[in-house]
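A short worksheet on the structure shown next.
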Amino acid sequence: LSTFRKNWTIDPFCLYLYGLVLKEKGSENLARTVLVESVNSYPWNWNAWSELQSLCTTIDILNSLNLNNHWMKDFFLAGTYHELRMHSESLTQYEYLQSTFSFINYIQAQIAKAQYSLREFEQVEVIFEELLRIDPYPWTLMGHEYVEMKNTPAAVDAYRRTVDINPCDYRACAHDRFEEAEVYCTRLPDYTGPEVHYSSFSAVECTRNYDNHHCWISDESLDLVFAANFSVFAEASNGKEVDGELYI
């Protein structure tokens, strides 16, 4: 890939792959340069923008990028500002995008997210109520946003509302069960009974079964949740753990 790039015989998608390789090898400066070349050549590859965003850990790095003007760049800047905790700049960028893409609920949700970070809670409530009026299904997106905010109980509630509206929305169902398992794990010090940990087992197994078909949650993550509860459940129920089996 390096040779093809030097000879100018590489397309934007191979540049994107080359950037991934460089990032994994720790060559972050060159990775940024290559990813910039990729998005400048083909700005509609959001995966390339996302990888570039992960390499922009400071505002100085962001400002040093030689990016062509494009509306995808505006989305990139808005998201990167948020990751850098520059919430006012992020809000300004999303409001600018809204003037062009006024029909996209995603932008409204991101505006609410930025305002939430700025503690403008009344405006956030108004936006989400309007989103729910227009489309009752953004509960899934709201659940995702709550996960990003580390507000797991609110995420669980949002996912359950999605399932109440559409029981066949397996994305929300799987997220719901996984986040529920995480809630139970965080409550281990406040143990109230074996049924709590049994519920987390159910959540883990439900999510694992979903993952077998859709492959978006790693077995390692699920095993951590399961292991965190297993020994406590065995002790609380006066059972014995023998070769990974629980006897009660």
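The values are calculated or read from the model by the stated rules, or taken from the named source; none is laboratory data. What you are looking at is a predicted structure, and each value in this text was computed from that prediction instead of being measured. Neighbour counts run over all protein chains shown; Cβ positions are idealised from the backbone, glycine included. These accessible areas exclude ligands, DNA and RNA; they are computed on the full protein's heavy atoms, side chains included. Shrake-Rupley method; radii C 1.70, N 1.55, O 1.52, S 1.80 Å.
Scanning region 13-26 for residues that are over 25 Å from the mean Cα position of the chain (by Cα) and of a type in the set (Ser, Thr, Tyr) yields a total of 0.
Regarding region 112-134, can at least one residue be identified that is assigned to a helix (DSSP H, G or I), β-branched (Val, Ile, Thr) and farther than 19 Å from Arg161 by Cα? No, region 112-134 contains no residue that is assigned to a helix (DSSP H, G or I), β-branched (Val, Ile, Thr) and farther than 19 Å from Arg161 by Cα.
Would you call Trp44 out of contact with any Asp or Glu (no Cβ under 8 Å at 6 or more places or on another chain), under 20 Å from Met86 (Cβ atoms) and either crowded, with 17+ Cβ neighbours inside 10 Å or of a type outside the set (D, E, K, R) (or both)? It is false that Trp44 is out of contact with any Asp or Glu (no Cβ under 8 Å at 6 or more places or on another chain), under 20 Å from Met86 (Cβ atoms) and either crowded, with 17+ Cβ neighbours inside 10 Å or of a type outside the set (D, E, K, R) (or both). Taking the conditions (1) touching a residue at least 24 places away in the same chain (Cβ under 8 Å); (2) out of contact with any His (no Cβ under 9 Å at 6 or more places or on another chain) in turn, Ala114 satisfies each one other than (2).
Residues in region 82-105 that are part of a helix (DSSP H, G or I), open to solvent by 40 Å² or more (accessible area, probe 1.4 Å) and more than 17 Å from Cys56 (Cβ to Cβ): Ser88, Thr92, Glu95, Tyr96, Gln98, Ser99, Thr100, Asn105. Quickly run through region 8-31 and pick out the residues that are exposed (fewer than 14 other Cβ atoms within 10 Å of the Cβ) and either hydroxyl-bearing (Ser, Thr, Tyr) or in contact with an Asp or Glu (Cβ under 9 Å, 6 or more places away or on another chain) (or both). Correct list: Thr9 only.
Of all residues in region 85-103, those that are within 26 Å of Arg133 (Cβ to Cβ) have Cβ atoms under 6 Å from Cβ atoms of residues that are assigned to a loop (DSSP other than H, G, I, E, B) and not basic (Lys, Arg), 6 or more apart or on another chain, in His87/Leu118. Can you tell me which residues in region 135-154 are assigned to a helix (DSSP H, G or I) and at pLDDT below 80? Answer for region 135-154, where residues must be assigned to a helix (DSSP H, G or I) and at pLDDT below 80: Trp139, Thr140, Leu141, Met142, Gly143, His144, Glu145, Tyr146, Val147, Glu148. When Ile107, Ile10, Ile61 are checked against the criterion of being free of Cβ contacts under 8 Å to residues at least 60 places away in the same chain and under 22 Å from the mean Cα position of the chain (by Cα), a single residue qualifies: Ile107.
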